[in-house]
Structure formats: structure tokens, C-alpha cells
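In what follows, a single structure is set out as C-alpha cells and then discussed.
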Amino acid sequence: MAISKRKAFPALLILLTLLLASCGLAGGQEAQEGSDKKPGEAAGAIEDIKVPKGTEIDFWHIQATIYGESVAAVVDEFNATNEWGIVVNQLFKGSYLELNQAIRAGLAGGGAPDVAMAYENDILEYQRAGEVVELDSYLESEKYGLTDEEMADILPGVLARQQVPAYGGATLSWPHGNSSLGMYYNADLLAEAGIDSPPTTHDEFLAQARQLKEATGGKYVALSQAMNSVYYNLLRDKGVAGYDPKTATTDFGSPESIEVLSLLETLYKEKLAYTVFDGVATEAEFINGRSPIELGTTARSSSKIEAIGSNFNWGIAALGDDGPAITQLFGGNHVMIEAGGNDKEHLAAWLFMRYFASTTAQSVYAADTGYSPAVRSALETVLLQNDYTESPQKQQAFDEVFVNAEIMPPTSAGNAINDMVSKEVVRVTLGQATPEEAAERMDAEATSLLEAAKP
Amino acid sequence: MATDLTQQSAASDAARQARRRRRTERVWLPMGFLAPTLILLFTFDVYPLLLGGWISLWRWGIRAQEFVGLDNYRRMVESLGVGPGEGEVGNSLLVTFFYSVGVVPVTLALSFLVANMLFAKIRGLTFLRTAYFLPFITSTVAAGLAFGFLFNPQIGVLNGALQAVGLPAQTWLLDADPVVPKALGAIGVGWSDSFPAILGGPSVALLCVMVFSVWNTLGFGVVILLAGLVAINPEVHEAARIDGANAWKMATRITLPLLSPTLFFLLVVSTIRSFQSFNEVYVLTSGGGYGAGAGSPLDTTLTLPVLVFRYLYQRPDSVGYSAALSMLLFLLLLAVTLLQFRVAERKVHYN
Amino acid sequence: MVASRTNVDLDTETRRRPPVGGSASPLKRRTRRGRSPWRFMLYLVLIIGAAMMMFPFLWMLLASLKTFPEVNISPPTILPSDPQWSNYSEAWFQPASTFGRYFFNSFVVAAVGTALQVFTGITAAYAFAMLNFRFKNGLFLLVVATMMIPFEAKIVPNYVLIRQLPLLGGNDINGVGGSGLYDSYAGMILPGVASAFAVFLLRQAFMAVPRDFWDAVRVDGASHWTFLWRVLVPMSKPAIVTVVLFGFLARYNELLWPLIITQTESIRTVQLGLLLFSGEEGQRYNIMMAAAAFVILPAIILFVLVQRRFIEGLASFGVKG
């Protein structure tokens, strides 16, 4: 009686909790069941889908400030001019971290978007959960797809990242905005030291660094703590790929890798390079004339143009070595989420994605921001031509750096490998490890990570 | 309880009524008072905790993938490692330990000191109190940027000051060397590599993060203690003053004991916050978007929440492992808090 | 000549006059502290400390008035060479909803959420402090333990729960079909209403009240409810005000949960608006600082109001034995 009532109280609470728990898990299951159908199964049916007027789709992205404004402008333009009456609701969802959280929550509890921004590693995860809509049937469709010319118009590096080998031969994403890792150089500072053009090989790089130190006593380059990007870039300058997820092998132990690590070791030993906090800090070093060279993303060319003004002459180039100066490709892509809607909404989403990656939209995006356009035809628009005349560095970024940009092979172990590489390279710069030791460790670690990540 | 009552006669109405009233007092009344809080807490806090425990038994990416039982925990134990820097989890526990031990006592002591000072009769009290509270309400991002400037190796104020007095500039947030050997080395005392890592203390970077943390949370502690100070009957202080107590005696013999419930509260809450603090560490160490995760340099600022974050966002299919780490964090915190209740609450003077 | 309206008029002994027995007792004598070196030291230490505390805030204000090129100069200039007051209007009007709307939403969420939080906190704390029941200590520890749950762990489960609440937002009895309380004020407020912090703090405060009060009131046959609201709450004003302050600040500064649970611009809060100034590809630092400055303003105002109450002595002590 009285005793059992008191015991019932906590028991009731536990029961309540278990009830809620089962509800939550059941909800998750339901969402999962809905993901098994794929539009690719009914390929010819794409032509027959009629998109009702006023179809709404949700587009979640991570762009703010001028990038966000530009995205909003492109979306508004699409909403106003598209022939199907599709309405896109664009929503800023914070950074990639918050966006991922939001998508996971949406996949678990309902409310996932139709289109979202994602990097290749994210797309791999979504694909494993069966949540990515393959785009090939849309691409090949007569009515809604792309012609051969339009496909050829897309820059090879950009197209390749939508169709990476890890996707198993499918196209799982479509371009959003792209940038690349370029070498900014301060022409005036270099001239003071008797250098009249930026280096084109690693040996020249080192030689110029020494020359500068002798002439003016200053350091040559500021590097951010996230040293993996720089390392990958220098490695690929030598014509070496980096790693291959399919065979779970890496080039981190190769002689080229040791050369790159030795270069970095030397730069630090002779006090020709120094480490700063992050990409913002390296930019600060460059803008304020303390570091004549900066290895940074071309997306920041527009902010540099505004910040530097006419203070000094500067430009962007690609470093290269003996190889063809392949550089890192950055920026996110658009991915279509399966759970976001039905067939009609998927088609509407595709039409939006197609628009965003086409000439007009990419031209506007590239003119407003530091991104480079995904399609060559954008360079012929009046808007972009005028913009590039005003801002020659952006033209330089496109011609010399962006056209050769490729991503590193995506793998679910990608983040882990990046962190590990950064750490080892930092150790080398601090003199806590020799290039040989670091190379060996990197190779071993990365190989085991890739092995574990093999499907 | 039924055993408290002496049941004389089951048929006695008075006894039955007394029982009913007591039952009301002991069951329904508390339930009534507690119901809104408990229902909400169970729904939105306890349930996620239990769910997290459940998830930690799975390999989980976007969705559940495979039931692996205690595999995540086994992996955690394997990652404890022996020796310095080996084993991510072991390193993380050490870092979290340094961080809490460094931040909580300092915050408590400083808060007590400052709260007492801000309770005295002085001018500009509103302004001063607001000043001390500002860091707490300034967004961590803005505060982190300003502090980052302070610690900037190239142009920061600290290095400028050091160099002005002839001391070498430091790399501060980029410095992964442990503090104790460095400090001892500066005054000429040697250090042996065979000493265990724990004696080396936190890295310089972690020390900087701790300073930032104390600075950030000081206002919080001061306000809480001020509220406690205000509630102390002033006549007690007057009486002590009449008896000729000086400021020190007042603080330790009178204020301290009377403030102990509030101090205890602050101790528990500060510990909990320090174990969970993520923003402070992330803002000062995340070192750029494309590559270096938080916890740099060389993972010497990798507190447990940062580790949880790493496995939740930056590793594939690791939501389950991350949940296991969350459980570890929770259990650790629970143990520490229980200890605090056992040990410290004895010393608290309630009226 | 000090115009400060704080407790300058009261000297040290008479920090707070008890409401009962207004005339100055002979015990309250003025001690001549005057200009002793101790006071000077005190001031000095406090002011230096205050400067250190305020430095990032001042930094923020100064940066908010600079142009974009100037804000990128490092080592930074101290005073802006050409104060851009327009940064503030630009920041205010830039987002689609403008900050006017954002502030309204933040206030609604914070005010309602805090009021509910205080109410549930007071009642729960009363139970833990004054009543006796089985499992009291266990339950209290459980409540405190909920503070230890890492935030990320709660996001997805809470989201699912909010979306699948039965019979709300188009959901049927099983919670399927609609979107529950997603994208609503209620959805933003609900998960944070119960606060272990509030319960804990108030429990400490209630437990510090002498037992005599309870016994005295009980004799008159007052119920628990009356005692709580008529006696205990007025006596615990500092603690309650503290709970209000921190509760409000916590809701006001909340970022991740509102970001996840809302979609419509017209109900988004101030912190989300602030996020619009720092994107993946770079920040408009000077505009962001301007926005941050007016975002922080309500918090400062609230604090100033609250701590004034502290000084003016809300704790009214009745007759003490």
C-alpha cells in the first residue's frame, strides 16, 4: 500500500523513460526504411516526372557574409526565373559541424533538407547510410540533363570530385563553389631582396628564402598549424599522388616525401619559416608585409584585395616542382538527400543544382566572392570579365592555380589521416623527429587507417 | 514510514487520518513539487543519457550499423596507453586532470577574494562589478580572438612585454612543451627524461587555455558568491567588528563558514563546467578549418569533451565510440561530484 | 562629490538597514577608515583587475568602428582612424530579418524560458530542502547529475522528441505525420526549462534559512505552499535573482539548439543573427564586432539592474533571535 506507492514512484519514472526510448528508436527505424528506394531504378521515368508549380525544396548551406549574400542572390534569381515555378528555401545552418548535426538530426527525426552542402568525406558517410540520391540518371536525361558540351565546360578537377572512385562509379554530388591552394607573393618585398619573380621549383623556393634572409633578415613564409595541406601540395608538386584508398597504400614513405619533409625541416632549422595559429593568421602576416610568401586558399583573394588595396604589389602563383603543379582543391559540393522528399521534389532539387553549377550562377558567385567558377564559359560573361579586369589577382588565381586543382582521394579515414599528417609534420618542424622517422610513421599510420576504412 | 507510527488500533480514525496526512506529506506532496522538473529532466536529459549509453554499444555512423557490445569500451581501455603521450584516451584524461586541477581551485580562490573586495564599501561598485562580469557574457569567440592576440607570438602584447625586459619571446598557444621542465630550465634546474609525464605538468599551450578559462569564468563565481554574501545577516559582521576582528579573521572565521553552502555549490558547479568545457579550448586551439583539429598543438590540449567532439565529427562511423567516451566523462564527473558531496559537504554549515 | 547611486551613502557598518527597527542603534558607529593605504591598494588592485577583465570588450568596441582594411592591420591600431558608425546600422539591417526581429525573438524565448525555469526550480528546490521523502538524496544526486551530461549527447534525441510530440504540430497520437514543435518558440524553450543549476542553487539557499521560521509558521497552520511563496521566496531573493540572471543569460546566449530547431528567419534569435557574420570562408570582422556589441548590450543592462538589487539589499531579515 503505502510502501508500494513509494516504490512505484521511481519505477514509474524508469518506465516512462523506457517508453520514450523505444519511441525514439522506433522513429529511427521508420526513417531508415524509407531510404531503400532509389530513383535510379526507374531511369526512363525521369522524363515523365512533372514538377508541380510551386514545389518547395529546402537547401541548407554554410555560407555567411558575402558568400551567403551571393548564395541568396543566386537562389532568388533561380526562384524568379525558373520555368517550373520551383521555390528554393535557402537556410544558413552554421558551419559544417552544425550542418552535419542538423542533417543527422533530420535523418533521425524527420525534416531533412532536399539539398545540402557537403565535403566528399561527408558524402561517403551519407552514402553508407543509403541517403544520397545518385545523379547519373538526371545527368543523362534528354530533357533535364547536361549536353556533352556542357559537361566538357566543367573544369576537370571540379567534375572529378563529383565522381570520385570511392563512389563506385556514380555521380553523388554537383558543384557549389570551389577554390584552391595558391602561393601568394608580395612582389615588392621580394624585389627588395633582389628577387624578381616567385619560385617555380622547390630548390628555387629554398634559394629565395635564403637570399631574402641574407638581404633583409626577414623570414620567407608563415605556415599555419594545419600543415597537412601544405605537405600534400608540396608532395603533389613532385608528381606523387599521396595515398590510394582502394589499395590502402600511401606515398608518405617515398623518397619524394622525405624530400618534402627535409625541405620543411631545413626551412625551420635555418629560421626561414615560422608557424602561426591558423589560416587567418597567415593572411595577417601576408597582408601586413611580414611574410612575403603565403600558401593559402584562393578564396581569400577577394578579402585580400579589399584589405591590401594599393599598399603593395602582389600576385598568386602555383609553386610546382618537376610535376605539373597540381594543387589542392577546396570548397563544398551540393548533395541531394534521399529522405528530403519524393520523386518530384528530387527532380526539382536537381534542376536547382544544375542551375547553380551553370554559367550565369557561377559567374555571379565568382564575381561576388573569392571562389573560382566551376565552368569555363563563366569567364566569357561580361560580369566576370569586368570583375577580373578590376581584380587581376583573381584572374591569376584561375589561370595559374585553379585549373590544376584536384582533391585528395576521399576516404572515410580522411580526417584522421589529415590530423595525423599535421601532427607529424609539426614534429619535424619542431625538430622532434627526422624526416625519415616521420615519413615512416606517417606511412604506417595512414596504411592502417586506410585498411580499416576499406569497405 | 509505517514503521515510524505506532499503530495502536487499525480501526482508529485518528491514526488513519494521521497516516493519510503523512502519506500526503511524504509522497504526494513531494511528487507535486517535483513533478514538472522531474518530468522535463527525464524527458530531455536523462533519456538522452540512457540513449547515449545504448548507442555506445553499437558501431554507429549516420544510423546504427552493428551491435558491438562492449567493443567501444575495450577500444577505450586499449587507448589508455602507458607512458607519455601514448594512447589518446590516456592522454586526454591527463589533460583533463591538469585542466580541472588548474582551473577550479584558482577560480574559487580568486572569486572569493574578488567577491569580498567587491562587497566592501567603495565607489564605482556598479562599474567594477560589471567589469568583472563582462568576460562571462562576452561571446567566447570574441573573447578568444582578443586573447589570441594577447598570446600572438609575432605581435602579441605578452611577448612584447617579455622582450622589453629582456626575456625570450614564447610561442604560447603553439608550444607543446610541458611547463614544469621549461620553468625549471629557465632557472637552471635540470630535468630528467625518465620522470613520469604527470610531473611535467600541462603544456604551455594548455596553461594559456587555463588562464583564459579562469578569466572567462571569474565573473560567474564572483556573482554567485556575491549573492551568498548578500544573504549573510550583517549583524553578524557588526558583532564581529565590535569584538575587534580584523579583515583576515573576518574573512576566514566568519565569512567563510557562513558562505560555505554557496562555496560548496560553486565548487561542484565549477568542477562540472571545467570537465565539460569545450568552447574555451576549441576557440583557442582549433587552428584553422582545413585540417588541424582542436586539441593542437600535438594533442596537448585534448580535453575529454574535445576528444568526444573529435570522434563525433571527425572520424567515420564513430558515433558509438564517441558515446562511450561521453559515458566515461559522465561517470568520471559523477564520481568526482559524489566525492565532493561526501567529503566537502561535511564541512558545510547549514543553519 | 561622488554621484554614484550605489552604497556610498551607507558606510561600512550600516551596509544594509534591517527593515525592522529603523533607527540607528548605538552599535553602529562610524569607524574612521578614511584614506588608509589599504583602501588605496584595494582600489588599485580592483581597477587593474577590471582593466584586464574589460580588455576584450574594449577591443571589440574599438574594432567595431574600424574599416575592413584597418581591422586587418596587425599589430592593431588602438583607436580607429576614421570611426565607421555606419558599421552598426549595416550590421543591424544586414540579415534578412534584421536584428529588430531577432531581439524580439530572443526576449520572448529568454523571458518565458527563464520564468518557467524559476518556477520549476523553486518548487523542486523546496521539496529537496524542506520535505522528507524516500530517495530524496538519490533523486537530488540524479538532478545534479543531469548537469554532467554533455551537450552534444542531447541534441539529436531532443530534436527527435520535439518533432515527434504526439498531437502537436500536425502529429497524430503516435507523433507521426507532422513536425511537432519544430520551428516554434515552444520548441526552442521546452528542453531547457528544467534546470538542475537552478534547483541546486535554490536548495542551498533554502537550506540556509533557519528552522525557526518554518516552525513558527507551521504553528499557525500554514501550508507548505504558503510558506514557500510568502516566506521562503522573499527571504531568498539574492539566490532567486541569481537564478534569473544566469537562466536568462543561458537562454539568450544559446546557439546550437535554436540553430537546429528553427528554420524560419522570423523566429530566429540574436545569436543566430550574429553567426551570419562569420562564415566558412572568412569573417567581416568589423561588422561582426558591431553586431556583437549590440548583442551584448541587453545582457549588460540586465546585469547592472540585477546587481543593483544585490546592493540595495533584497534580503530582508525579520526578527532574528
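Every test in (1) surrounded by fewer than 21 Cβ atoms within 10 Å (Cβ to Cβ); (2) modelled with pLDDT of 85 or more; (3) of a type outside the set (K, R); (4) closer than 30 Å to A:G106 by Cα is passed by C:G273 save one, and that test is (1). Selection within the stretch C:95-109: residues that are of a type in the set (A, V, I, L, M) and farther than 19 Å from C:L276 by Cα. The member of this set that is farthest from the other protein chains (Cβ to nearest Cβ) is C:V108. Evaluate the following for C:A222: is it in contact with a helix residue (DSSP H, G or I) (Cβ under 8 Å, 6 or more places away or on another chain) and either under 22 Å from C:F140 (Cα atoms) or modelled with pLDDT of 85 or more (or both)? Taking the combined requirement at face value, the residue does not satisfy it. When A:D368, A:D419 are checked against the criterion of being within 12 Å of another protein chain (Cβ to nearest Cβ) and over 17 Å from the mean Cα position of the chain (by Cα), a single residue qualifies: A:D368.
Within the stretch A:87-146, can you find the residues that are polar (S, T, N, Q), within 19 Å of C:R268 (Cα to Cα) and modelled with pLDDT under 90? Break it down into steps so the answer makes sense when it comes.
Filtering the stretch A:87-146 down to residues polar (S, T, N, Q) leaves A:89-90, A:95, A:100-101, A:121, A:127, A:137, A:141.
Keeping just the survivors that are within 19 Å of C:R268 (Cα to Cα) gives A:89-90, A:95, A:101.
Of everything in the stretch A:87-146, those that are polar (S, T, N, Q), within 19 Å of C:R268 (Cα to Cα) and modelled with pLDDT under 90 turn out to be A:S95, A:Q101.
Residues considered: B:L57, B:L41, B:L51. Of these, the only one that is closer than 22 Å to B:L328 by Cα, modelled with pLDDT of 90 or more, more than 10 Å from chain C (Cβ to nearest Cβ) and surrounded by 16 or more Cβ atoms within 10 Å (Cβ to Cβ) is B:L57.
Screening the stretch A:277-304 for residues that are hydrophobic (A, V, I, L, M, F, W, C) and more than 30 Å from A:Y355 (Cβ to Cβ) and picking the one that is surrounded by the fewest Cβ atoms within 10 Å (Cβ to Cβ) gives A:V280. When B:G87 is tested against (1) within 14 Å of chain A (Cβ to nearest Cβ); (2) touching a Ser or Thr at 6+ places or on another chain (Cβ under 7 Å); (3) surrounded by fewer than 21 Cβ atoms within 10 Å (Cβ to Cβ); (4) not polar (S, T, N, Q), only condition (1) is not met. Filtered by the rule that a residue be assigned to a helix (DSSP H, G or I) and among the hydroxyl-bearing types (S, T, Y), the stretch A:138-186 gives A:Y138, A:Y167.
Please list, ordered by residue number, the helices (runs of 4 or more DSSP H) wholly in the stretch B:102-166 having 1 or more residues that are touching a residue at least 60 places away in the same chain (Cβ under 8 Å). Please lay out each step first, then the result.
Numbers: elements: B:125-137, B:140-150, B:157-164.
In the stretch B:102-166, B:125-137, B:140-150 are the helices (runs of 4 or more DSSP H) which contain 1 or more residues that are touching a residue at least 60 places away in the same chain (Cβ under 8 Å).
Considering each residue of the stretch B:224-245 in turn, at least one proves to be over 30 Å from B:A142 (Cβ atoms), touching a Gly at 6+ places or on another chain (Cβ under 9 Å) and not aliphatic (A, V, I, L, M).
So which of A:A317, A:A325, A:A361, A:A307 is of a type in the set (A, V, I, L, M, F, W, C) and surrounded by 24 or more Cβ atoms within 10 Å (Cβ to Cβ)? Don't jump to the end; show me each part of the working.
Numbers: A:A317 fails: surrounded by 24 or more Cβ atoms within 10 Å (Cβ to Cβ); A:A325 fails: surrounded by 24 or more Cβ atoms within 10 Å (Cβ to Cβ); A:A307 fails: surrounded by 24 or more Cβ atoms within 10 Å (Cβ to Cβ).
The unique qualifying residue is A:A361.
Summed over the stretch B:319-334, the residues that are in contact with a Lys or Arg (Cβ under 9 Å, 6 or more places away or on another chain) and either among the small types (G, A, S) or facing chain C (nearest Cβ under 8 Å) (or both) give a count of 3. When C:R230, C:R203 are checked against the criterion of being crowded, with 19+ Cβ neighbours inside 10 Å, away from chain A (no Cβ under 14 Å), at pLDDT 80 or above and in a helix (DSSP H, G or I), a single residue qualifies: C:R203. For C:R134, are the conditions met, namely being surrounded by fewer than 18 Cβ atoms within 10 Å (Cβ to Cβ) and either within 28 Å of B:G53 (Cβ to Cβ) or within 13 Å of chain A (Cβ to nearest Cβ) (or both)? Against the criterion (surrounded by fewer than 18 Cβ atoms within 10 Å (Cβ to Cβ) and either within 28 Å of B:G53 (Cβ to Cβ) or within 13 Å of chain A (Cβ to nearest Cβ) (or both)), C:R134 qualifies. It is to be established whether one or more residues within the stretch C:68-83 are surrounded by 19 or more Cβ atoms within 10 Å (Cβ to Cβ) and modelled with pLDDT of 90 or more. No: zero hits.
When C:M147 is tested against the conditions (1) within 14 Å of chain A (Cβ to nearest Cβ); (2) under 30 Å from A:A112 (Cα atoms); (3) assigned to a helix (DSSP H, G or I), the lone failure is (1).
Answer yes if at least one residue in the stretch A:279-302 is more than 14 Å from chain B (Cβ to nearest Cβ) and in a helix (DSSP H, G or I), and no otherwise. Outline the logic, then answer.
First, pick out the residues of the stretch A:279-302 that are more than 14 Å from chain B (Cβ to nearest Cβ): A:292-293, A:301-302.
Now narrow it down to the ones that are in a helix (DSSP H, G or I): A:301-302.
Yes, the stretch A:279-302 contains at least one residue that is more than 14 Å from chain B (Cβ to nearest Cβ) and in a helix (DSSP H, G or I).
Number of residues in the stretch C:150-175 that are closer than 27 Å to B:L304 by Cα, of a type outside the set (A, V, I, L, M) and facing another protein chain (nearest Cβ under 7 Å): the value is 6.
Regarding A:Q393, is this residue without any contact (Cβ under 8 Å) to a residue 12 or more places away in the chain, surrounded by fewer than 21 Cβ atoms within 10 Å (Cβ to Cβ) and out of contact with any Lys or Arg (no Cβ under 7 Å at 6 or more places or on another chain)? First the steps, then the outcome.
On the way: without any contact (Cβ under 8 Å) to a residue 12 or more places away in the chain: no; surrounded by fewer than 21 Cβ atoms within 10 Å (Cβ to Cβ): yes; out of contact with any Lys or Arg (no Cβ under 7 Å at 6 or more places or on another chain): yes.
It is false that A:Q393 is without any contact (Cβ under 8 Å) to a residue 12 or more places away in the chain, surrounded by fewer than 21 Cβ atoms within 10 Å (Cβ to Cβ) and out of contact with any Lys or Arg (no Cβ under 7 Å at 6 or more places or on another chain).
Looking only at residues in the stretch C:110-121 that are more than 9 Å from every other protein chain (Cβ to nearest Cβ) and crowded, with 24+ Cβ neighbours inside 10 Å, which one is farthest from C:Y252 (Cα to Cα)? Looking at residues that are more than 9 Å from every other protein chain (Cβ to nearest Cβ) and crowded, with 24+ Cβ neighbours inside 10 Å, I get C:Q117.
Residues that are in contact with a helix residue (DSSP H, G or I) (Cβ under 7 Å, 6 or more places away or on another chain) and under 30 Å from A:L97 (Cβ atoms) occur at least once in the stretch C:197-214.
When the residues of the stretch B:167-177 are filtered to those that are touching a residue at least 60 places away in the same chain (Cβ under 8 Å) and in a loop (DSSP other than H, G, I, E, B), which remaining residue is nearest to the other protein chains (Cβ to nearest Cβ)? Please lay out each step first, then the result.
From the stretch B:167-177, those touching a residue at least 60 places away in the same chain (Cβ under 8 Å) are B:173-176; that's our starting set.
With in a loop (DSSP other than H, G, I, E, B) added as a condition, the list becomes B:175-176.
Values: B:D175: 9, B:A176: 8 Å.
Among them, the one singled out is B:A176.
Looking at the stretch A:187-200, can you tell me whether even one residue there is surrounded by 17 or more Cβ atoms within 10 Å (Cβ to Cβ), in the same structural domain as A:D237 (by TED's automatic domain parsing) and not in a loop (DSSP other than H, G, I, E, B)? Yes, the conditions are met somewhere in the stretch A:187-200.
How many of the residues in the stretch B:56-98 are part of a helix (DSSP H, G or I) and more than 30 Å from A:N121 (Cβ to Cβ)? If you could, list the steps in order and put the result at the bottom.
So the first thing to find is which residues in the stretch B:56-98 are part of a helix (DSSP H, G or I), and the list is B:71-78, B:88-98.
The next check asks that each one be more than 30 Å from A:N121 (Cβ to Cβ); those that pass are B:97-98.
Summing the residues that are part of a helix (DSSP H, G or I) and more than 30 Å from A:N121 (Cβ to Cβ) in the stretch B:56-98 gives 2.
Based on this model, can you work out whether B:F119 counts as within 14 Å of chain C (Cβ to nearest Cβ), under 30 Å from C:V243 (Cβ atoms) and among the aromatic types (F, W, Y)? Yes; evaluated as a whole, the condition is true for this residue.
The values are calculated or read from the model by the stated rules, or taken from the named source; none is laboratory data. It should be emphasised that the depicted structure is a prediction, and the values quoted were computed from it without experimental measurement. Every residue, glycine among them, receives a Cβ derived from its backbone with ideal geometry; neighbour counts consider all protein chains shown.
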